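Below you'll find the structure, written out as structure tokens, and then a few comments.
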Amino acid sequence: MQISNTGTDATKPSPASRKIDPLTDDWLWQLKNSITTLEEVEEFLDIRFEPAERMLLEQTLEKFPLSVTPYYLSLVETEDFRNDPVFMQAVPCADELIVQEHDMADPLAEDTDSPVPLITHRYPDRVLLRISNTCSMYCRHCTRKRTVGDTDSLPMPDEIEVALDYIRSTKGVRDVLLSGGDPLMLSDSRLDQILTALDEIDHVEVVRLGTRMPAVLPQRITEELCTMLSTHQPLWLNTHFNHPNAITPESKTALRRLADAGLPLGNQSVLLAGVNDCPRIMRRLVERLVANRVRPYYLYQCDLSEGLSNFRTPVSKGIEIIENLIGHTSGFAVPRYVIDAPHGGGKIPVMPNCIVSWAPDRVVLRNYEGVICTYQEPVDYDRSQCDHECTTCDLTGPPPSKRTIHGVAGLMRDNNDTDALVPEDNERHGRRDDEA
Ligand SMILES: *Cc1c(COP(=O)(O)O)cnc(C)c1O
Ligand code: SF4
């Protein structure tokens, strides 16, 4: 069911002839004619790698395959190709071979937090399901370099069935994220089957698709695909644009079709050194996205996967970018900047600080212009309508047994006995008599 775009095909035309029409509308042609070797990159872009550099680049390909569609590679501006944002995302650089002290193969513990193969169950109410492990293009900054692109570990139909069974039997799951690889590497009919299976599970309220296709292979977003997807509402789609250069007439058509099919669209960008670590570039990107009905959802701090050190920026860079967006552009164009916590802690939002100080009767705030103002706290605030008995309250929806609030939010609940969260190996507690 999965369409493979790796390996060489004897019938493949030469890169030069592929250049004739890199924008061809046929996505299978694009996949079949993907550029997968350094020679093909050189020929396609009419560039040359240095011999020493080339040897290192060959080594990067052993770790993570090279594959890019003619369409996406045609977006490279070749005068200064090494600094071109599209080139940097698609073509390896020797720095990928660097493994730093804190790098990890699976920094987000996706394999550990996995009750059955293909599923990562991190948050109580939602799961990630990897239904594909190939992509139309392999992003050099991919966080799942450890598995993506490895055609020996394609998700098997029976594994997907086991994963669906897990979702069927885990009643707390109300949100399923279909991910990969790229789920749109599956055929329309296979995808239709999986979406139908999810539609039939009563407790699954929403399904999301994470796909890079609108950015790297917009031809995949056919009218037929959109018609099929529109029958599986509520279905959300998150795509992955990192730079305004990828918003082209072709990708606009893809986004229009998806939005017209009734899918709410979001975008997840990764903050990448040399690609988009600039407030002006990010502002242009988010404004172009909203103009195409895509809501910027997350801006990810580049994680600690092995071989990504060349792409990492300091966290301050992301905060600077958000500072340059809040107030300066439409509120719904501002993504949430997050650090996906190592060891599976999930996404932690990071924001510029806007609370300057706080007294019992007022908060001192600053706005985007630097104006400092006060907000007077209410003097007679009384939660008198609330008897603090969430268990009997009919306003709060399902009883707390189903929607228990954990973590810091739990500390704020009156009907929760926990008043502190203490790490298991807390030394001070270890010294106490009763716990020794
Ligand atoms: C990102 C992610 C989710 C979804 O998180 P949201 O904040 O709801 O978008 C779910 N599971 C895993 C493992 C994730 O990485
Ligand atoms: S599309 Fe996503 S999964 Fe595929 S290589 Fe890019 S970042 Fe990785």
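A few notes on this one:
- Candidates THR147, THR78, THR374: whichever shows maximal mean-square fluctuation once the chain is modelled as a Gaussian network with Cα springs under 10 Å: THR374
- Selected from PRO85, PRO22, PRO360 as most flexible by GNM, with the chain as the system and alpha-carbon contacts under 10 Å: PRO360
- Annotation: per residue accessible area for the range 296-361 equals 47 Å², rounded to a whole number [probe 1.4 Å, protein chains only].
- Amide proton proximity set for VAL275, modelled H, under 5 Å, gap of 5+: none
- Heavy-atom SASA rank of ILE372, ILE319 (probe 1.4 Å, accessible area, largest first): ILE372, ILE319
- 24 Å Cα cut-off, lysine pairs counted over the chain (separation 8 or more, or different chains): 12
- Rounded FRET efficiency, nearest 0.05, which uses the C-beta distance separating THR227 from TYR368 and R0 of 35 Å: 0.25
- A Förster distance of 51 Å, applied to the separation of the beta-carbon atoms of GLN59 and VAL379, puts the FRET efficiency at 0.15.
- Gyration tensor analysis over the Cα atoms of the range 266-321 returns equivalent ellipsoid semi-axes of 21, 12, 9 Å (largest first, whole Å).
- Efficiency of FRET from Cβ geometry, ALA420 and TRP358, R₀ 22 Å, rounded to 0.05: 0.50
- Each Lys and Arg Cβ is given +1 and each Asp and Glu Cβ -1; about its Cα centre, the range 138-197 then shows a dipole of about 360 debye.
- Restricting the calculation to Cα atoms, the range 201-307 shows an Rg/Rh of 1.00 when the hydrodynamic-style radius is the Kirkwood one.
- Site pair ASP21 and THR147 shows an inter-label distance of 3.9 nm when each label is modelled 7 Å from Cα along Cα→Cβ.
- A 1.4 Å probe, protein heavy atoms only, puts the accessible area of GLU377 near 50 Å².
- Each peptide among 211-218, 426-433 gets the average number of other Cβ atoms lying within 10 Å of its residues, and from highest to lowest they stand as 211-218, 426-433.
- Plainly put, the range 320-373 has a radius of gyration that is 1.07 times its Kirkwood radius, both from alpha-carbon atoms, as the Rg/Rh ratio.
- Full-extension gain in nm, ARG168 to GLN100, via 0.36 nm per residue minus C-alpha separation: 20.4 nm
- Using the alpha carbons alone, the radius of gyration of the range 39-96 stands to its Kirkwood radius in an Rg to Rh ratio of 0.92.
- GNM flexibility winner over the chain from TYR123, TYR71, TYR297 (Cα, springs under 10 Å): TYR123
- Whole-number Å³ per residue for the convex hull built on Cα positions in the chain: 195
- Whole-Å distance, taken between Cα centres, linking the range 69-135 and the range 213-263: 20
- Once the Cα gyration tensor of the range 119-349 is diagonalised, semi-axes √(5λ) in Å: 28, 21, 17
The values are calculated or read from the model by the stated rules, or taken from the named source; none is laboratory data. What you see is a predicted model; the values in this text were computed from it and never measured. Neighbour counts are summed over all protein chains in view; Cβ atoms, including those assigned to glycine, are modelled from backbone coordinates with ideal geometry. Please note that ligands, DNA and RNA were not included when accessible areas were found on the heavy atoms of the full protein model with its side chains. Shrake-Rupley method; radii C 1.70, N 1.55, O 1.52, S 1.80 Å.
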